[in-house]
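The values are calculated or read from the model by the stated rules, or taken from the named source; none is laboratory data. Just so you know, these numbers come straight off a predicted model, no measurement behind them. Quick reminder, even Gly has a Cβ in these numbers, built from the backbone with ideal geometry, and neighbours come from all protein chains shown. Areas reflect the complete protein model, heavy atoms only, side chains present, ligands, DNA and RNA absent. Shrake-Rupley method; radii C 1.70, N 1.55, O 1.52, S 1.80 Å.
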Amino acid sequence: YKDSLPFWSPDLTRRAQQEAWFEEVAMLAEQAGVDGMLYPWGGEWCDDDASDYDEEYLPCHREDVLFDLDSNGRRPTAAELAPLAWPHSCWWHDRDRIVLLYMHMLDNPPDGSFLWEARVCEQVHALWSDGRNSPRTSISYVRQGRLEGARPASTRAEAEAMREEGMRMAFSDGALPGGEDIPGAAFVVGRAVTAPRRLMTHQCFEDEAAPGWRMLSSLPSCPNPHMRFPMSSSLREIVSRGGEPLKPLLPRTACKCGQRIGERRGEAYDADDSESDSEERREEIPVEPRACILCLSEDWGW
């Protein structure tokens with residue numbers, strides 16, 4: 001059906017609806033802190049050459065993006081959330097996904113076609129799936145980050161000359177299995193590793209709170225009600241009871257030494273910082289934080 005003319009043909013009236021929705025999504029993304037995001041751009045959650053590259057938004061990617069958003073954005077007030085029912089009232093919990101989806105839409109602006117809406121939904125599936133398999137769908141082969149049979153190259157021109165059909169070029173750092181490094185090699189050329197996966201679709205999220213997407217797809221300007229996730233009877237029952245607590249946000253885990261767990265950018269977490277130690281943020285930090293890798297290495301005598 002995606003190849004049919006009515007599906008991908010632009011419509012001016014529909015484009016106006018999509019653009020109105022885009023503006024509302026932009027307002028929430030700005031509140032969520034998109035203005036402070038220098039990377040990633042175009043809705044990508046990791047670099048194409050990263051060792052943890054995946055076509056879906058994995059928990060490790062989320063940890064990095066939430067770290068970047070940590071000091072940006074403005075948490076919604078109780079007055080702003082009061083008119084919203086659960087799970088929509090918890091949209092801040094998905095602020096990273098809202099930001100990435102907005103950046104994808106910014107890079108792929110509305111064109112008035114149903115195809116554009118379908119592409120947005122595909123991005124939503126990748127953002128909210130956490131890399132989980134679906135029992136409902138057929139197997140797809142998803143490209144991973146590392147390369148097999150990689151050959152070193154000292155320059156980009158040399159790497160380009162070595163490329164054959166079906167091969168990828170990547171920076172040498174972290175592109176090899178096991179994270180090995182080749183001295184003197186700036187690039188490597190090899191075949192991409194793919195993994196079989198049953199990608200999640202709309203129906204797979206019927207039991208998911210997914211507050212960010214349910215909020216965005218319920219905005220009055222949303223051009224298509226079919227973009228909303230379905231809601232199972234069990235989830236409706238939870239809604240009727242007023243909802244339930246959501247899992248804490250990933251990067252809010254800090255070691256007793258003050259180092260944020262999962263941080264890979266060489267920046268320490270300042271536990272005494274007034275912004276990070278405010279009442280509204282303190283509730284998301286575990287009472288007994290886990291140990292970071294540095295403290296574990298000391299305890300284990302590494």
Practice problem: With respect to residue 45, determine if the residue is modelled with pLDDT of 75 or more, buried (at least 19 other Cβ atoms within 10 Å of the Cβ), closer than 25 Å to residue 223 by Cα and among the aromatic types (Phe, Trp, Tyr). | Solution: no
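Taking only the stretch 191-218 into account, find how many residues are part of a strand (DSSP E or B) and at positive phi. Before you say what the answer is, go through the steps one by one.
Of the residues in the stretch 191-218, the ones part of a strand (DSSP E or B) are 191-197.
Filter once more, keeping what is at positive phi: none.
Within the stretch 191-218, residues that are part of a strand (DSSP E or B) and at positive phi number 0.
Which ones in the stretch 189-224 are closer than 30 Å to residue 161 by Cβ and open to solvent by less than 20 Å² (accessible area, probe 1.4 Å)? Spell out how you get there, then give the answer.
We begin by selecting, within the stretch 189-224, every residue closer than 30 Å to residue 161 by Cβ; these are 189-195.
Hits for the stretch 189-224 are 189, 190.
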Exercise. Find all pairs meeting these conditions: Cβ atoms under 6 angstrom apart; at least six residues apart or on different chains; first residue within the stretch 107-129 and under 29 Å from residue 207 (Cβ atoms); second residue open to solvent by 20 Å² or more (accessible area, probe 1.4 Å) and in a helix (DSSP H, G or I).
Key: 114/7; 115/7; 115/8; 123/104
Quiz item: When residues of the stretch 49-68 are filtered for being part of a helix (DSSP H, G or I), in contact with a strand residue (DSSP E or B) (Cβ under 8 Å, 6 or more places away or on another chain) and surrounded by fewer than 18 Cβ atoms within 10 Å (Cβ to Cβ), how many remain?
Solution: 0
Quiz prompt | Selection within the stretch 1-38 - over 20 Å from residue 77 (Cα atoms), of a type in the set (Asp, Glu) and modelled with pLDDT of 95 or more | solution = 19, 23
Exercise. Give the stretch 91-119 a look and list any residue that's over 14 Å from residue 227 (Cβ atoms) and more than 17 Å from the chain's Cα centre (by Cα), or say none.
Key: 109, 111, 112
Quiz item: Can residue 71 be described as surrounded by 18 or more Cβ atoms within 10 Å (Cβ to Cβ) and polar (S, T, N, Q)?
Solution: no
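Quick check, is residue 178 at pLDDT 60 or above and open to solvent by 60 Å² or more (accessible area, probe 1.4 Å)?
Details: at pLDDT 60 or above: no; open to solvent by 60 Å² or more (accessible area, probe 1.4 Å): yes.
Answer is no for this residue.
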